[in-house]
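Here is the structure we will look at, set down as structure tokens.
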Amino acid sequence: MKKQKQKILMQEISWIILVLVLVVGASLILNKVNHYYETRSPINSVLASTAEDSIIDTSQSNFQTTTQISSLLKRGYVGDYFISVPFNPNVEPAVVKIKEAPKVLGVKVEKKPYQAELVWKTTNVINIAPGKRITFEAKFKNTGTETWYNSGDHFIALNVTNPPGRASTFRDIFWPQYYRPAIMKTEVVKPGETGLFRFALTAPDKADEYVERFGLVAENLIWIEDGDLEIAMRVGNPKPYFQARKVKQAYQDITIEPGKSITFRVDFENTGSQTWYRDSAHFIALNVTDPPGRESIFRHIFWPQDYRPAIMKTEVVKPGEIGRFEFALQAPEAPGVYTEKFNLVAENLTWINGGYLEIPIIVAVKPEPVAEVQGEPDIRVGLYPTSSAVKITGNGQYEVRDTNNKLIGTYNKNVISTINYNANNNSYRLSVSGVKKTSSLPLRFIPKKNTILQLTNFENRPAWNAELNDNRFRGILEIRYAESTDRLWVINELPLESYLRGVAEAGNENDEDYLKALMIAARTYAMYHIQTGTKHDDENFTVDATYDQVYRGYGFELRAPNITQAILDTEGEMVTYENEIVVTPYFSQTDGRTRSWEEVWAGGPYPWLVSVPDPACQGMELLGHGVGMSAYGARAMAEDGEGYKDILQYYYTGIAIEKIY
């Protein structure tokens with residue numbers, strides 16, 4: 001009995017020894033395996049975590065990190081992983097950016113049983129508020145030889161990469177794992193079929209631009225080749241990926257003859273965060289817009305596409321740098337006022353915010369020089385007062401003289417003259433190409449031949465088109481200080497008929513008899529003040545450009561050939577009362593009747609300015625002072641067939657229309 005117990009004891013001891021040997025052997029083998037992979041992976045011991053699920057918070061660290069390799073092995077992802085730490089102290093990375101080594105199985109596979117192709121995703125870039133959620137979908141085609149399943153030991157899932165195994169910046173509470181947004185929704189996907197992945201994304205709380213990367217896996221088996229998915233997210237209102245700012249263009253508006261061509265240049269600053277390239281899959285170009293894709297009526301044969309005048313001329317434009325676009329425009333044969341619209345694009349990617357270009361284009365035969373009319377007076381128009389420097393140039397030669405007609409200088413086209421007034425010593429300083437001259441008298445800029453002068457730093461843009469700038473004028477420009485009002489004025493002096501071409505009190509499309517009536521009223525109003533000379537005498541001009549009559553100069557003349565024709569057709573004609581040129585106010589519309597002079601202003605009575613019915617305006621509100629001719633009522637009369645003389649004689653009682661010169 002005793003021998004039998006000893007025998008059993010020896011057997012138990014043998015089994016214990018055998019188990020210990022097996023345990024020690026297994027431990028040695030596991031240590032060698034871990035040592036093999038860890039020596040193959042240059043992981044900084046400072047960065048490596050000793051806990052399986054420990055992830056260092058990169059928002060609080062200058063380093064970028066990953067989990068321990070043994071953690072990845074336990075999750076079934078065999079491969080070589082290493083860390084790249086390109087640290088920039090001035091830029092906090094929005095997304096962990098660690099290069100991922102090739103995903104190696106250690107088993108050579110020739111036929112690539114697991115392979116995929118991304119065929120669709122919800123969007124390239126998500127614009128979202130901080131902390132908000134969005135549902136995202138992606139579809140992958142099975143291009144391998146193995147069937148995919150959404151269950152079983154090797155189900156197909158989408159995991160974060162770069163590096164794998166980490167908590168995603170976009171992690172949502174409904175993710176099955178912190179590193180896994182979704183398991184394939186489609187139950188079975190045979191080779192050649194498509195699988196759907198649907199998951200939620202939660203935006204980070206910090207406004208910035210983010211990029212997250214995912215990859216398909218066959219769980220516990222392999223990363224699926226070409227199963228990559230990249231999602232960009234713009235959270236809040238960060239600096240856009242693509243954005244531009246127009247900094248310079250060759251012309252604010254273009255006047256061109258029918259069928260002629262002109263070269264146009266425009267410069268844009270890259271104000272986004274992405275470098276622009278001339279030659280790449282997403283090259284930067286200028287396309288027509290509103291609507292896009294159409295053939296422009298200003299297309300030139302040199303355009304690369306019907307809808308695209310130019311690809312960026314500059315080869316590479318980094319953020320903060322300037323890119324140039326240069327192209328030709330060819331005018332259509334039909335005269336008119338046009339506006340062509342363009343916008344920058346990153347080809348096959350996006351329209352670029354801020355890359356908008358709008359060019360007002362006037363297609364017209366160049367106006368003939370205005371012929372001198374015997375007896376025609378000059379008028380002085382107060383354009384605007386200023387306390388700043390005045391800059392003047394011309395499209396041809398011009399002279400600068402003082403008010404005693406002393407020649408200061410003669411300058412060629414496009415040369416800019418800058419004038420500063422010194423109130424301390426009442427002097428005018430002229431600066432041209434670095435040369436300075438001083439005069440104690442006001443300065444006059446006198447065009448040679450048919451030169452049109454331009455006030456280059458004068459902003460005079462019509463409300464309906466901010467791309468236009470009415471800063472060009474016929475005649476002489478004078479810079480003069482008015483002591484009585486302590487203001488420096490820019491004054492335009494020119495013949496009366498030339499002045500009328502720039503009076504912008506009506507649109508070019510109006511009935512010709514209305515335009516004739518209006519131009520006679522405007523001519524008479526101006527002539528009355530030329531003769532009396534009292535309204536703005538203390539500031540050295542006859543009428544102003546804003547309150548007396550709206551005057552916009554040469555730019556308006558180019559846009560309004562019908563008004564010019566009405567002026568030519570009524571040259572020298574004015575309103576008289578008992579053979580005297582009289583004041584002829586006009587306004588927008590009545591409430592059914594006009595007002596007499598004495599109802600509105602002091603003085604009078606003026607027999608030609610009495611109240612008359614205005615039936616076309618019955619039931620409307622009074623717009624304007626109400627004295628004289630109602631523009632709305634006059635247009636209605638013209639459209640009903642009334643002639644311009646009938647219109648004038650209705651609103652100005654007892655008058656005659658006479659040719660004064």
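The values are calculated or read from the model by the stated rules, or taken from the named source; none is laboratory data. It should be emphasised that the depicted structure is a prediction, and the values quoted were computed from it without experimental measurement. Please note: Cβ atoms are built from the backbone with ideal geometry, for glycine as well, and neighbour counts cover all protein chains shown. Note: accessible area is taken over every heavy atom of the protein model, side chains too, but ligands, DNA and RNA are not part of it. Shrake-Rupley method; radii C 1.70, N 1.55, O 1.52, S 1.80 Å.
General remarks:
- Output for the stretch 322-353, where each listed residue is under 17 Å from Asp290 (Cβ atoms) and in contact with a Pro (Cβ under 9 Å, 6 or more places away or on another chain): Leu329, Val337, Tyr338, Thr339, Glu340, Phe342, Asn343, Val345, Trp351, Ile352, Asn353
- Residues located in the stretch 586-599, provided they are open to solvent by 60 Å² or more (accessible area, probe 1.4 Å) and touching a strand residue (DSSP E or B) at 6+ places or on another chain (Cβ under 9 Å): Ser588, Arg593, Glu599
- Within the stretch 391-409, being open to solvent by less than 10 Å² (accessible area, probe 1.4 Å) and of a type in the set (A, V, I, L, M, F, W, C) holds for Ile392, Val400.
- The single condition among (1) closer than 17 Å to Leu494 by Cα; (2) in contact with a strand residue (DSSP E or B) (Cβ under 9 Å, 6 or more places away or on another chain); (3) open to solvent by 10 Å² or more (accessible area, probe 1.4 Å) that Ala526 does not satisfy is (3).
- Qualifying residue in the stretch 271-285 (condition: under 30 Å from Lys366 (Cα atoms) and either at pLDDT 95 or above or of a type outside the set (Asp, Glu) (or both)): no
- The single residue among Thr314, Thr289, Thr339, Thr275 that is surrounded by 20 or more Cβ atoms within 10 Å (Cβ to Cβ), hydroxyl-bearing (Ser, Thr, Tyr) and not assigned by the TED database to the domain that holds Leu468 turns out to be Thr289.
- Residue match in the stretch 166-176 (condition: open to solvent by 40 Å² or more (accessible area, probe 1.4 Å), hydroxyl-bearing (Ser, Thr, Tyr) and more than 22 Å from Thr194 (Cβ to Cβ)): yes
- Matching residues, the stretch 547-556, being farther than 18 Å from Ile520 by Cβ and within 30 Å of the chain's Cα centre (by Cα): Arg552, Gly553, Tyr554, Gly555, Phe556
- Applying the condition of being of a type in the set (A, V, I, L, M, F, W, C) and open to solvent by less than 10 Å² (accessible area, probe 1.4 Å) to the stretch 624-646 and asking which residue is farthest from Val582 (Cα to Cα) yields Ala638.
- Every residue from the stretch 472-485 that is open to solvent by 10 Å² or more (accessible area, probe 1.4 Å) and not hydroxyl-bearing (Ser, Thr, Tyr): Arg472, Arg474, Gly475, Ile476, Arg480, Glu483
- Of the residues Asp279, Asp267, the single one that is within 29 Å of Ala232 (Cα to Cα) and assigned to a loop (DSSP other than H, G, I, E, B) is Asp279.
- Close pairs from the stretch 256-279: first over 16 Å from Trp303 (Cα atoms), partner of a type in the set (Phe, Trp, Tyr) and modelled with pLDDT under 95, Cβ under 7 Å, at least 6 apart: Gly272/Tyr241; Gly272/Phe242; Ser273/Tyr241; Gln274/Tyr241; Gln274/Phe242
- Considering (1) surrounded by fewer than 20 Cβ atoms within 10 Å (Cβ to Cβ); (2) of a type in the set (Phe, Trp, Tyr); (3) not in a helix (DSSP H, G or I), the lone condition that Phe541 does not fulfil carries the number (1).
- So Leu441, is it farther than 29 Å from Gln252 by Cα, hydrophobic (A, V, I, L, M, F, W, C) and part of a loop (DSSP other than H, G, I, E, B): yes
- Residues that are of a type outside the set (Ser, Thr, Tyr) and over 19 Å from Leu357 (Cα atoms) occur at least once in the stretch 282-292.
- Remark: Ala504 falls outside the filter, which requires a residue to be within 20 Å of Gln252 (Cβ to Cβ) and open to solvent by 40 Å² or more (accessible area, probe 1.4 Å).
- Matching entry among Gly619, Gly641, Gly654 (being in contact with a Pro (Cβ under 7 Å, 6 or more places away or on another chain) and assigned to a loop (DSSP other than H, G, I, E, B)): Gly654
- Leu430 passes every criterion in (1) surrounded by fewer than 20 Cβ atoms within 10 Å (Cβ to Cβ); (2) farther than 17 Å from Pro385 by Cα apart from (1).
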